[in-house]
Amino acid sequence: MQRTMLKALPALLMACVGLPAIAELEPEPIPSVATLPSVYPDSWIFAHDVNFNAMISGKVVIIDAAADTREYKGFVDASMMANFVESKAKPLLYVAESFYSRGTSGDRTDVISIYEKATLKKTKEVILPNKNRAQIVASKYMLKLVNDDKYLLILAFTPAASVIIMDTESGELLNEISVAGCNLIYPAGDHGFASLCGNGGMKTIAFDDSGKETKRTDIPPFFSVDDDPLFDKPVYIGDTAYFFSYQSKVQPVDLTTPDAELLPAWSLVSEAEAKDNWRPGGWQFATSDDSKLLYVVMHKNGYNGSHKFGGEEIWVYNTTTQKRTKRIELKKNAFSIELTRGDNPLLVVTNTEMGLDVYDTNGKYQRFISVGDSTMPIVLHKGR
């Protein structure tokens with residue numbers, strides 16, 4: 001056998017001489033890093049994965065809801081019950097997050113991390129020295145920008161709630177204003193914010209250019225925290241914040257200025273629908289489009305506690321007529337929803353299995369997008 005192979009070797013070598021030469025591949029440069037546009041397309045959204053399984057590894061993922069391939073554009077870190085907001089005036093992303101010296105224990109450091117939108121590189125970090133950034137399940141109303149993004153408002157908790165005011169130009173922390181008995185940040189004009197209070201009322205604060213409080217107003221209770229509480233996640237259309245109650249009431253509040261004005265309340269449901277206990281529910285269960293329509297996740301046979309579990313339909317309302325214009329039946333129950341920008345928005349739904357279902361606004365199913373295994377993208381942000 002060995003002698004036979006040796007005899008065949010010259011013939012094999014002669015045959016190889018006639019083969020064409022294989023071109024050598026140029027080495028790929030390392031690192032090879034793509035960049036994103038500094039102004040994101042209308043169809044892009046941010047999906048905040050709070051990652052309850054490993055909260056130090058949370059992230060905010062940039063997703064193209066209109067794409068069938070390469071829909072995952074990149075992400076920024078968002079550690080330990082982080083909060084996120086995109087600047088509309090600058091190509092920047094802000095994340096309020098916390099770190100511990102030994103991973104999940106040890107010395108705590110709270111920071112505002114600032115990222116470039118094009119490169120997703122961290123360009124600046126502002127340390128919050130009091131180590132009291134509120135670590136609560138992520139909400140849009142824990143980190144807000146006001147006055148053409150001049151001021152960043154940061155929710156703190158010690159355990160009384162307060163709001164830290166940061167100058168985004170200098171990174172200086174101007175002031176910390178107590179809102180004890182109330183919680184969350186609802187922008188009210190260029191120099192103000194409101195918070196919803198545990199007594200069923202609202203507190204509004206005005207501040208000056210130095211961050212100093214100039215006016216405080218306590219609005220008397222206007223809803224029952226026992227019989228029909230309000231969800232703490234309103235939808236803004238212009239300067240009006242639409243709050244929703246557990247039993248389907250809509251309470252608009254004009255927040256053009258810190259002198260908040262309660263507008264007439266109305267209902268999401270008819271008398272017949274109320275008898276069937278149709279109610280809103282989920283985490284981020286409502287949103288609006290550029291045409292000022294409200295989209296609300298609804299579920300039938302609601303009960304005390306069902307507000308947590310999402311719903312099988314999305315109902316659409318004209319806020320001028322206060323009438324429903326559409327019902328959208330979903331493939332899987334919704335937990336959170338958001339709409340993309342533009343003339344032809346897409347409806348993005350975090351389903352109760354924690355994947356993203358995409359529909360058009362007529363309810364036609366478009367595609368499924370995964371943010372990754374074991375993720376929890378429960379807060380969705382439309383691009384600005």
Mind jotting down a quarter of the surface of the convex hull over the alpha carbons of region 158-212, in square nanometres, one decimal?
3.8 nm²
Where the eigenvalues come from the Cα gyration tensor of region 287-351, what are the semi-axes √(5λ) of the equivalent ellipsoid, largest first, in whole Å?
21, 15, 9
Multiply the residue gap between E169 and K300 by 0.36 nm, knock off their C-alpha separation, and tell me the result in nm, one decimal place.
42.4 nm
Run the helix sum for the chain: -39,500 (n - 2.57) per DSSP H stretch of 4+ residues, divided by residue count, reported at 222 nm to the nearest 500 deg cm²/dmol.
-1500 deg cm²/dmol
Estimated inter-spin distance, R70 and D148, nm [label 7 Å along Cα→Cβ]
3.6 nm
Mind checking the full-extension length gain between T119 and F309? Use 0.36 nm per residue of separation minus the Cα-Cα distance, one decimal, nm.
64.7 nm
Under a cut-off of 26 Å between alpha-carbon atoms, report the lysines in cross-link reach of K131, not counting same-chain residues fewer than 8 places apart.
K59, K121, K122, K140, K144, K150, K203, K212, K233
With a 1.4 Å probe and every protein chain left in place, work out the accessible area per residue of region 225-318 in Å², rounded to a whole number.
42 Å²
Kindly identify region 90-186 as rounded, prolate or oblate by the Cα gyration tensor criterion: order the square roots of the eigenvalues as a ≥ b ≥ c, call it rounded if a/c is under 1.5, otherwise compare a/b with b/c, prolate if a/b is larger, else oblate.
oblate
In the set (i) 21.4; (ii) 27.5; (iii) 22.8, which value of Kirkwood radius over Cα pairs in Å was calculated from the structure you see?
(iii)
Any idea what the relative contact order of region 196-259 is, in percent, if you count C-alpha pairs under 8 Å spaced at least 6 apart?
24 percent
Roughly how much of V235 is accessible, in Å² to the nearest 10, using a 1.4 Å probe?
10 Å²
Cα-Cα P(r), region 168-308, percent of pairs per 10 Å interval
11, 38, 32, 15, 4, 0
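Note the full-extension length gain between D276 and A54 as 0.36 nm times their separation in residues minus their Cα-Cα distance, in nm to one decimal.
76.0 nm
Given all pairs of different Cα atoms, what value in angstroms does the Kirkwood hydrodynamic radius of region 277-317 take?
Working: mean 1/r = 0.0975 Å⁻¹.
Value: 10.3 Å, from the Cα pair sum.
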Relative contact order for region 297-382: what percent, with Cα pairs under 8 Å and sequence separation of 6 or more?
20 percent
For the chain, longest principal axis from Cα atoms; helix 2-17 axis from its Cα atoms; angle between them, nearest 10 degrees, is 70 degrees
Fraction of accessible area attributable to carbon and sulfur, the chain (%, probe 1.4 Å):
51 percent
Quotient of Cα Rg and 2.2 N^0.38 Å for region 233-384, N being how many residues it contains
1.01
Please state, as a whole number in µm²/s, the translational diffusion coefficient that the Stokes-Einstein equation yields for region 220-268 at 20 °C and 1.002 mPa s, with Rh defined as the Kirkwood radius across alpha carbon pairs.
194 µm²/s
Accessible area per residue, Å², region 29-82 with all protein chains present, probe 1.4 Å
50 Å²
Taking one equal scatterer on every alpha-carbon of region 23-143, how large is log10 of I(q)/I(0) by Debye at q = 0.13, 0.17, 0.20, 0.22 1/Å?
-0.58, -0.90, -1.15, -1.31
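The values are calculated or read from the model by the stated rules, or taken from the named source; none is laboratory data. Bear in mind the structure is a predicted one, so any value in this text is a computation, not a measurement. Backbone-built Cβ (ideal geometry, glycine too); neighbour counts: all protein chains shown. Each accessible area value is taken on the protein alone, full model and side chains, heavy atoms only, with ligands, DNA and RNA left out. Shrake-Rupley method; radii C 1.70, N 1.55, O 1.52, S 1.80 Å.
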